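Have a look at the structure below before the remarks.
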Amino acid sequence: MEKEFNKLVKIIEKLRAPDGCPWDREQTLYSLRDQLIEETFELVEAIDNKDIENIKEELGDLLLHVIMHSVIAAEDNLFTLTDVMKTISEKLIRRHPHVFGGEKTDSVDDVLVNWEKIKSKEKKDRKYILDGIPKGLPSIQKAYKLQEKARKVGFDWESGEDCLRKVEEEFTEFKQAIKLKDVNEIEEEMGDLLFSILNLSRFLNINADSALQKTNEKFKSRFRFIEDELAKNGISFEEASIELLERYWQKAKNTFK
């Protein structure tokens, strides 16, 4: 493993050398941001598809970014790849006293609570409990992070029924906002409703992002089915009546559960 890792580092250093690749040479510590995000989502897609070959490939692409960023930083005398590995090794040891120290834990929840306590000591610049969540995190993941951080200090519902009642309460307020035709109020209440639904999914141990992805794929399959049915009958979407589209949609629902 060490041999292959060193080989990869040498390849990237060669790409950055004066006689290397012009594109790689002009990259900076900050210019690769969008590519890094894209590679991360490609890895997530491979994981969702349980595509082992693609998972392996996309993990390699992410590793490339870690090494590339570290090589660039070393050139600018900011930090080295060794610094990166040393930092994460020390952090893992420090945050797992139940493994590398003398502490004992009885459950995963204990581990997570302890992790947050250790983390809060490390991040002394964070004034509030909910600080430290990346601004660029997608909204669903950010909502989960906020709710989880609140949960770890005891700010949470006692049961799924409580969460469900909150969803129903927020839906009632959302409907009232629609009646008032106040756009700002509708937007606010929609946000509250979505947040409460995400909170319920968290409480039920349902990954809302995965659930929504499955619904997205199901919708695509059903919509394509309608397109195929229309094409077989020589009808365009513009020509199709809403009654016909609804009939095909019901047929698609029976085909794609």
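The values are calculated or read from the model by the stated rules, or taken from the named source; none is laboratory data. It should be emphasised that the depicted structure is a prediction, and the values quoted were computed from it without experimental measurement. Counting neighbours? That spans all protein chains shown, and the Cβs are built from the backbone with ideal geometry, glycine included. Protein only, heavy atoms only, side chains kept; ligands, DNA and RNA dropped before computing areas. Shrake-Rupley method; radii C 1.70, N 1.55, O 1.52, S 1.80 Å.
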Which lysines have a Cα lying under 17 Å from the Cα of LYS142, excluding residues fewer than 8 positions away in the same chain? LYS152
Based on the Cα gyration tensor of the chain, what are the three equivalent ellipsoid semi-axes, each the root of five times an eigenvalue, rounded to whole Å and given largest first? 42, 32, 19
Of LEU32, ILE47, PRO22, farthest towards positive along the dipole that unit charges on Lys, Arg, Asp, Glu beta carbons give region 1-58: PRO22
Rank THR255, GLN141, PHE225 by how far each Cα sits towards the positive end of the charge dipole of the chain (+1 on Lys, Arg Cβ; -1 on Asp, Glu Cβ) and give me just the farthest. GLN141
Ordered by residue, what ³J(HN,Hα) values in Hz, to whole numbers, does region 191-203 give under the Karplus form 6.51 cos²θ - 1.76 cosθ + 1.60, where θ = phi - 60° and Gly and Pro are x? x, 4, 5, 4, 4, 5, 5, 5, 5, 5, 4, 4, 5
Given charges of +1 on the Cβ of Lys and Arg and -1 on the Cβ of Asp and Glu, with all other atoms neutral, how large is the dipole of region 22-127 about its Cα centre, in debye to the nearest 20? 1000 debye
Might you work out the accessible area of ILE197 for me, using a 1.4 Å probe with all protein chains in place, and round it to the nearest 10 Å²? 80 Å²
Any idea which of VAL167, ALA177, VAL153 is furthest toward the positive side of the dipole for region 127-188, if Lys and Arg beta-carbons carry +1 and Asp and Glu beta-carbons -1? VAL153
Whole number in Å², please: accessible area per residue of region 112-257, 1.4 Å probe, ligands, DNA and RNA not counted. 73 Å²
Among rounded, prolate and oblate, which fits region 160-229 when a ≥ b ≥ c are the square roots of the eigenvalues of its C-alpha gyration tensor, a/c under 1.5 means rounded, and a/b larger than b/c means prolate? oblate
Run the dipole for region 1-59 about the Cα centre, Lys and Arg Cβ at +1, Asp and Glu Cβ at -1, nothing else charged, and hand back the magnitude in debye, nearest 20. 440 debye
Rounded to whole Å², per residue accessible area for region 1-106 with a 1.4 Å probe reads 73 Å²
With a 1.4 angstrom probe the carbon and sulfur portion of accessible area for the chain, in percent, totals 57 percent
Between their Cα atoms, which of LYS10/LYS135; LYS91/LYS145; LYS56/LYS218 are more than 31 Å away from each other? LYS10/LYS135
In whole Hz and in residue order, list the ³J(HN,Hα) couplings for region 91-96 that follow from phi through the Karplus curve 6.51 cos²θ - 1.76 cosθ + 1.60, θ = phi - 60°; x for Gly and Pro. 5, 4, 5, 5, 8, 10
Kirkwood Rh and Cα-based Rg: tell me the resulting Rg over Rh for region 188-244, rounded to two decimals. 1.23
With a 1.4 Å probe and all protein chains in place, put ARG202, ARG224 in order of accessible area, largest first. ARG224, ARG202
Got the relative contact order for region 154-211 handy, in percent, Cα pairs under 8 Å and 6 or more residues apart? 40 percent
Kirkwood Rh, angstrom, region 97-137 [1 / mean 1/r, Cα pairs]: 11.8 Å
With every protein chain kept in the model, how would you rank SER196, SER139, SER89 by accessible area, 1.4 Å probe, largest at the top? SER139, SER89, SER196
Pairs of alpha carbons in region 14-110 whose separation is greater than 20 Å (percent): 57 percent
Order CYS21, CYS163, most accessible first, counting only protein heavy atoms with a 1.4 angstrom probe. CYS21, CYS163
Given the convex hull of the Cα atoms of region 88-161, what is a quarter of its surface area in nm²? 6.5 nm²
In the full protein assembly as shown, how much of ASP61 is accessible to a 1.4 Å probe, in Å² to the nearest 10? 40 Å²
³J(HN,Hα) across region 117-133 via Karplus (A = 6.51, B = -1.76, C = 1.60, θ = phi - 60°), whole Hz, x for Gly/Pro? 5, 5, 4, 5, 5, 6, 9, 5, 7, 8, 7, 10, 4, 8, 5, x, 8
Based on alpha-carbon positions alone, could you give the equivalent ellipsoid semi-axes of region 102-229 from the gyration tensor, as √(5λ), descending, whole Å? 33, 21, 16
Please give the solvent-accessible surface of THR80 in Å², to the nearest 10, using a probe radius of 1.4 Å with every protein chain present. 50 Å²
